[in-house]
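Peer 1: Sending over a structure as structure tokens; questions will come in a sec.
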Number of protein chains: 2
Amino acid sequence: MLNIGVLASTRGTDMQAVIDAIERGELDAKISVVISNKKDAYALERARKHNIKAVFLEAKGKEREEFDREVAKILDENGVELILLIGYMRYLSKWFVDKYRNKIMNIHPSLLPAFAGGMDKNVHAEILKYGCKVSGCTLHFVDEGADTGPIIAQKAVPIEEGETVDSLKEKVQKAEQEIIIKAIKLFAENKLKVEGRRVKILQ
Amino acid sequence: MLNIGVLASTRGTDMQAVIDAIERGELDAKISVVISNKKDAYALERARKHNIKAVFLEAKGKEREEFDREVAKILDENGVELILLIGYMRYLSKWFVDKYRNKIMNIHPSLLPAFAGGMDKNVHAEILKYGCKVSGCTLHFVDEGADTGPIIAQKAVPIEEGETVDSLKEKVQKAEQEIIIKAIKLFAENKLKVEGRRVKILQ
């Protein structure tokens, strides 16, 4: 059974979908710990509701790597094999990325490389402003860059007439959840093989 | 009946799809002239086969605008209302873009703004190298920039395991043809309304 750790700063909506898939028996996995740099992140509340260990870690006054070492300590103590970033609003230190190379997945609400690097931006609003007719989401392994790591999965979503930020976000989140669950399954089955920038899916 | 002019530098595969749609009676339009800056562009040959006026214009030794004025003269003499760029390997002068604002459509083999500005590059090869799992195409009105104009339509195409440049190109071209034909219909029915960067599709 795959042991997952989640890093989250916000609501953790996509994490709920993973929890649900586990509870439905669709994923042979467990989330053993959820860590947040935000004390009142609803993701922590969600974790508690499902009897998952929920840890708030104060980042203030700490160097990036110092903080990441604390995170890593908790992940390792809990035997985490796969780290999911779900709305995690912090850049990771090189040390952390190196330590967990190809074991950290991040979901981004656009079809990368379009609209990358939007940690503080409203990506959906930007996409609508640009006048795109297709958007989507990208699940990728985390590397040193911002949203540049090898792409595991992408799913497109059409933008319709009268689309709003909220309606787009809802559709894209559904797609996010779909590809996250698929990718966790593939990871658990050891079927994701990273070759340079490409992620091969073994049969 | 909508009068279309085509500017093409290469094979004009997508133009063939437009010709076919016209001949099937699916589009109430005609292509009155095809102009190329390449003497041996197969697009010219295609035009001749369908009794469409085919004009080669030598660009060598001419200023950009000077050449574009010659192109415009031919388009105007033939009563062209919509200009399609089909693999047209030249940047347009500001004069030309201004003259035909929101009347020039360009097809680009990626989901813009991703992989823009690839006039001399093999966009599909770049996309595969990046490790994308979704690609597609974009039809847009031409503005002063490279692949930056208001987006009329986009269509996504999944990238599968073992995808090659050729297999991807084939799938994307199919999508290109689909959205070009749809957009020509909407243009003919006066249903494309440009508002800033956004193209509204009127019902």
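Peer 1: Looking only at strands (runs of 3 or more DSSP E) that lie completely in the range B:63-151, which have at least 3 residues being within 14 Å of chain A (Cβ to nearest Cβ)? Show your work before the answer.
Peer 2: Details: elements: B:82-86, B:104-108, B:134-141.
Here the list reads B:104-108, B:134-141.
Peer 1: Shifting gears a bit: Among the residues of the range A:152-171, what is the count of those that are crowded, with 17+ Cβ neighbours inside 10 Å and assigned to a strand (DSSP E or B)?
Peer 2: Matching residues across the range A:152-171 total 6.
Peer 1: Are any residues in the range B:117-151 of a type in the set (S, T, N, Q) and touching a strand residue (DSSP E or B) at 6+ places or on another chain (Cβ under 9 Å), and if so, which ones?
Peer 2: Correct list: B:S135, B:T138, B:T148.
Peer 1: State whether one or more residues within the range B:144-160 are over 26 Å from B:R90 (Cβ atoms) and touching a Gly at 6+ places or on another chain (Cβ under 6 Å).
Peer 2: Yes, some residue in the range B:144-160 is over 26 Å from B:R90 (Cβ atoms) and touching a Gly at 6+ places or on another chain (Cβ under 6 Å).
Peer 1: For A:K174, which of the numbered conditions (1) in contact with a helix residue (DSSP H, G or I) (Cβ under 8 Å, 6 or more places away or on another chain); (2) surrounded by fewer than 18 Cβ atoms within 10 Å (Cβ to Cβ); (3) not hydrophobic (A, V, I, L, M, F, W, C) fails to hold?
Peer 2: Tallying (1) in contact with a helix residue (DSSP H, G or I) (Cβ under 8 Å, 6 or more places away or on another chain); (2) surrounded by fewer than 18 Cβ atoms within 10 Å (Cβ to Cβ); (3) not hydrophobic (A, V, I, L, M, F, W, C), A:K174 fails exactly one: (1).
Peer 1: Which condition number in (1) crowded, with 16+ Cβ neighbours inside 10 Å; (2) more than 9 Å from chain B (Cβ to nearest Cβ) is the one that A:V199 fails?
Peer 2: Only one criterion is unmet by A:V199, namely (2).
Peer 1: For the range A:1-25, what are the residues that are free of Cβ contacts under 8 Å to residues at least 12 places away in the same chain and buried (at least 16 other Cβ atoms within 10 Å of the Cβ)?
Peer 2: A:I22, the sole residue that qualifies.
Peer 1: Being free of Cβ contacts under 8 Å to residues at least 40 places away in the same chain and open to solvent by less than 60 Å² (accessible area, probe 1.4 Å) is the filter here; which residues of the range A:71-96 pass it?
Peer 2: Listed by number, the residues that qualify are A:A72, A:S93, A:F96.
Peer 1: On the given criteria, is B:D28 within 26 Å of B:I152 (Cα to Cα), touching a residue at least 24 places away in the same chain (Cβ under 8 Å), exposed (fewer than 15 other Cβ atoms within 10 Å of the Cβ) and out of contact with any strand residue (DSSP E or B) (no Cβ under 6 Å at 6 or more places or on another chain)?
Peer 2: Taking the combined requirement at face value, the residue satisfies it.
The values are calculated or read from the model by the stated rules, or taken from the named source; none is laboratory data. This structure is a prediction, so every number in the text was calculated from the model and none was measured. Note: ideal-geometry Cβ built from the backbone for every residue, glycine included; neighbour counts use all protein chains shown. Note: accessible area is taken over every heavy atom of the protein model, side chains too, but ligands, DNA and RNA are not part of it. Shrake-Rupley method; radii C 1.70, N 1.55, O 1.52, S 1.80 Å.
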